[in-house]
1. What nm value, rounded to one decimal, do you get for the distance between GLU81 and GLU19 when each label is placed 7 Å out toward the C-beta?
2. List every residue whose amide H lies under 5 Å from the amide H of VAL38, counting only residues 5 or more places away in sequence or on a different chain, with H placed 1.01 Å from N in the peptide plane.
3. Applying 1/(1 + (r/R0)^6) with R0 = 25 Å to the Cβ-Cβ distance of GLU98 and ARG12, what FRET efficiency is obtained, to the nearest 0.05?
4. Rounded to whole Å and sorted largest first, what semi-axes of the equivalent ellipsoid does the C-alpha gyration tensor of the range 1-60 yield via the square root of 5 times each eigenvalue?
5. Arrange ARG12, ARG78, ARG22 by Cβ neighbour counts within 10 Å, fewest through most, would you?
6. Could you check the simple spin-label distance between ARG59 and VAL112, using points 7 Å along Cα→Cβ, in nm with one decimal?
Amino acid sequence: MKVVHLVESISRNAAGLSESVRWLSLGLSQNAKTDVSVIAFRDEFTDVDLSDWLPLQPRILSRLHLGFGFIYGMRGRRLVETNFSLLKITADMKAVYEWVLGGGNKPNCVVVESKI
């Protein structure tokens with residue numbers, strides 16, 4: 001299974017969200033069948049806090065655009081607001097935690113690729 005976490009920051013600037021994503025990523029990465037990637041934007045604390053993510057090696061992007069780093073049209077904006085709001089991400093993360101810990105069905109936000 002491939003898991004990609006896209007976050008605005010992996011540093012202390014993201015406060016609790018960064019910690020939640022870090023612990024989820026580290027936990028998922030312990031499963032040999034799970035490939036975990038983390039992608040984030042650089043901020044003033046990225047270099048200092050990067051070692052907290054070891055053994056993961058987040059991909060750090062330069063902040064070239066305004067806001068979250070994307071320039072998108074209205075349809076793209078609607079897609080992001082619908083699927084990536086803080087409430088939606090929180091609900092998805094809760095469902096993934098429950099599923100990973102063996103309590104429940106695979107959440108819809110988890111995509112399992114089968115290479116048969």
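Rule-based calculations on the coordinates, nothing more; no lab input. Keep in mind that what you see is a predicted model, and the values were worked out from it rather than measured. Glycine gets a Cβ as well: all are built from the backbone with ideal geometry, and neighbour counts include every protein chain shown.
1. According to this spin-label approximation, the distance is 3.1 nm.
2. Correct list: HIS5, ARG59.
3. Efficiency, from the Cβ-Cβ distance: 0.35.
4. 19, 10, 10
5. In order of increasing Cβ crowding within 10 Å: ARG78, ARG12, ARG22.
6. Taking the two extended label points, one gets 2.5 nm.
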